[in-house]
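Participant: Dropping a structure here in structure tokens format, bear with me for questions.
The values are calculated or read from the model by the stated rules, or taken from the named source; none is laboratory data. Bear in mind that the values here come from a model prediction, so they are computed numbers and not experimental data. Neighbour counts run over all protein chains shown; Cβ positions are idealised from the backbone, glycine included.
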Amino acid sequence: MSEAPRWFVEAVSAPHRSAFVDVEGCRIHYLSFGDGGKPGLVLVHGGAAHAHWWSFLAPLLASDYRVLALDLSGHGDSGRREAYPRETWAKEVMAVAAHAGLERPPILVGHSMGGFVCIAAASLFGERLAGAIILDSPVRRPDPEAEEGARGRAFRNPKTYATAEEALAHYRLVPEQPCENRYLVDHVARHSLRHSQEGFSWKFDPEIFRRFMPRAIHEILPTVRCRVALFRAQHGLVTPDIGAYMYELLDRNAPVVEIPEAHHHLMLDQPLAVVAALRAILADWEHSVPLRPALEATGPTRLGSIS
């Protein structure tokens, strides 16, 4: 494993809180970084991932924001459901923001499948959001985790291993890609494990990819009701033509930002570049007026319950 740099060691040692909220009969876990009263960010992981995919980046944003990172149902330390509609995950995102007591509409940041969840939330609850930043979520095709769940073996029959080391030896990113920052891969892999009497297994529910056919995301993207920014990894799944297509679906009213030398899992490849790009977008949004009509009449309000 590559040696972890000082910024990472300090970030994962930063104080944070762990909490749970019930959403439609399922216990949802989330992490909270930073002090109350600040603008809110809600970070949404990809398929078969978890909140700790963000726990080394969240402290770098917490000086200016209250940062929340949740485990969607069927993932991490959250409960499981009989089915996982994208709209239910969107309600979980909003419920976490409300439970944490954010005083203003938050900005959502979602990676891969989590980006699609943020798009759904921006369509359903856009008037209660200050924006959504979508990281390498390719509109035009299924998310890579769902494709793997449908056709591949990585998520179909997850095994149980005798030791954590044996399990970690079998951990791989989906879709597969090179990653020089092995300390980050090790970090997310270790937080992906659940220990039981039988041994060590992965925390995600394999049923998340099997039980529903979601509405096509290209039909949802044009209906978002808050401002949106798109991040694409230079070597990721949102190719320049897909980025241009998403830009058109958003009425040419969203910045498209490329993260250089990054593959699909861009927060593992270029974590500090991702933080810098997020800071730039967030700083601009703090000092600009959104053009999307749904936000023009929306003032700061305390988040309410989920309808």
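Participant: Considering each of 232, 210, 227 in turn, give the residue that is more than 27 Å from residue 271 (Cβ to Cβ), among the charged types (D, E, K, R) and touching a residue at least 40 places away in the same chain (Cβ under 8 Å). Steps first, answer last, please.
Facilitator: Numbers: 232 fails: more than 27 Å from residue 271 (Cβ to Cβ); 227 fails: more than 27 Å from residue 271 (Cβ to Cβ).
Just one listed residue meets the conditions, 210.
For (1) under 14 Å from the mean Cα position of the chain (by Cα); (2) part of a strand (DSSP E or B); (3) modelled with pLDDT of 95 or more; (4) surrounded by fewer than 24 Cβ atoms within 10 Å (Cβ to Cβ), each residue gets a yes or a no:
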| site | (1), (2), (3), (4) |
| --- | --- |
| 2 | no, no, no, yes |
| 8 | no, no, yes, yes |
| 14 | no, no, yes, yes |
| 18 | no, yes, yes, yes |
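Participant: Pick out, from the range 184-254, the strands (runs of 3 or more DSSP E) lying fully within it that include 2 or more residues that are closer than 17 Å to residue 121 by Cα.
Facilitator: Ranges flagged: 228-233.
Participant: Out of everything in the range 35-47 that is in contact with a strand residue (DSSP E or B) (Cβ under 9 Å, 6 or more places away or on another chain) and buried (at least 23 other Cβ atoms within 10 Å of the Cβ), what residue ends up being farthest from residue 267 (Cα to Cα)?
Facilitator: We begin by selecting, within the range 35-47, every residue in contact with a strand residue (DSSP E or B) (Cβ under 9 Å, 6 or more places away or on another chain); these are 35-46.
Retained after the next criterion (residues that are buried (at least 23 other Cβ atoms within 10 Å of the Cβ)): 40-46.
Details: 40: 20, 41: 16, 42: 15, 43: 12, 44: 12, 45: 11, 46: 12 Å.
The residue in question is 40.
Table: residues versus (1) modelled with pLDDT of 95 or more; (2) surrounded by fewer than 16 Cβ atoms within 10 Å (Cβ to Cβ); (3) of a type outside the set (Lys, Arg).
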residue	(1), (2), (3)
243	yes, no, yes
266	yes, no, yes
272	yes, yes, yes
276	yes, yes, yes
291	no, yes, yes
304	no, yes, yes
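Participant: Can you find a residue that is assigned to a loop (DSSP other than H, G, I, E, B), within 23 Å of residue 132 (Cα to Cα), more than 12 Å from the chain's Cα centre (by Cα) and among the small types (Gly, Ala, Ser) anywhere in the range 40-56? Before you say what the answer is, go through the steps one by one.
Facilitator: First, pick out the residues of the range 40-56 that are assigned to a loop (DSSP other than H, G, I, E, B): 45-50, 54-56.
Still in the list and also within 23 Å of residue 132 (Cα to Cα): 45-50, 54-56.
With the extra rule that they be more than 12 Å from the chain's Cα centre (by Cα), the set shrinks to 56.
Narrowing further to those that are among the small types (Gly, Ala, Ser): none.
No.
Participant: Now a separate question. Which one of 142, 175, 105, 158 is modelled with pLDDT of 95 or more, in contact with a helix residue (DSSP H, G or I) (Cβ under 8 Å, 6 or more places away or on another chain) and not in a helix (DSSP H, G or I)?
Facilitator: Values: 142 fails: modelled with pLDDT of 95 or more; 175 fails: modelled with pLDDT of 95 or more; 158 fails: modelled with pLDDT of 95 or more.
Of 142, 175, 105, 158, the one residue that is modelled with pLDDT of 95 or more, in contact with a helix residue (DSSP H, G or I) (Cβ under 8 Å, 6 or more places away or on another chain) and not in a helix (DSSP H, G or I) is 105.
Listed here are the residues, each with its yes/no results for (1) in contact with a strand residue (DSSP E or B) (Cβ under 9 Å, 6 or more places away or on another chain); (2) touching a residue at least 40 places away in the same chain (Cβ under 8 Å); (3) not hydrophobic (A, V, I, L, M, F, W, C).
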site	(1), (2), (3)
53	yes, yes, no
65	yes, yes, yes
69	yes, no, no
86	no, yes, yes
115	yes, yes, yes
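Participant: Still on this structure: So which residues in the range 264-276 are among the aliphatic types (A, V, I, L, M) and within 16 Å of the chain's Cα centre (by Cα)?
Facilitator: Going through the range 264-276, the residues among the aliphatic types (A, V, I, L, M) turn out to be 266-268, 272-276.
Selection gives 266, 267, 268, 274, 275.
Participant: Take the residues in the range 48-101 that are aliphatic (A, V, I, L, M) and closer than 13 Å to residue 205 by Cβ; name whichever of them is surrounded by the most Cβ atoms within 10 Å (Cβ to Cβ). Even if it seems obvious, please write down each step before you answer.
Facilitator: Pass one, the range 48-101, residues aliphatic (A, V, I, L, M): 48-49, 51, 57-58, 60-62, 67-70, 72, 83, 90, 93-98, 100.
Filter once more, so that each one left must be closer than 13 Å to residue 205 by Cβ: 48-49, 72, 83.
Values: 48: 26, 49: 27, 72: 32, 83: 12.
The qualifying residue surrounded by the most Cβ atoms within 10 Å (Cβ to Cβ) is 72.
Each row is one residue, and each column tells you yes or no for (1) outside any loop (DSSP other than H, G, I, E, B); (2) at pLDDT 95 or above; (3) more than 10 Å from the chain's Cα centre (by Cα).
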| position | (1), (2), (3) |
| --- | --- |
| 37 | no, no, yes |
| 60 | yes, yes, yes |
| 69 | yes, yes, no |
| 72 | no, yes, no |
| 75 | no, yes, yes |
| 79 | no, yes, yes |
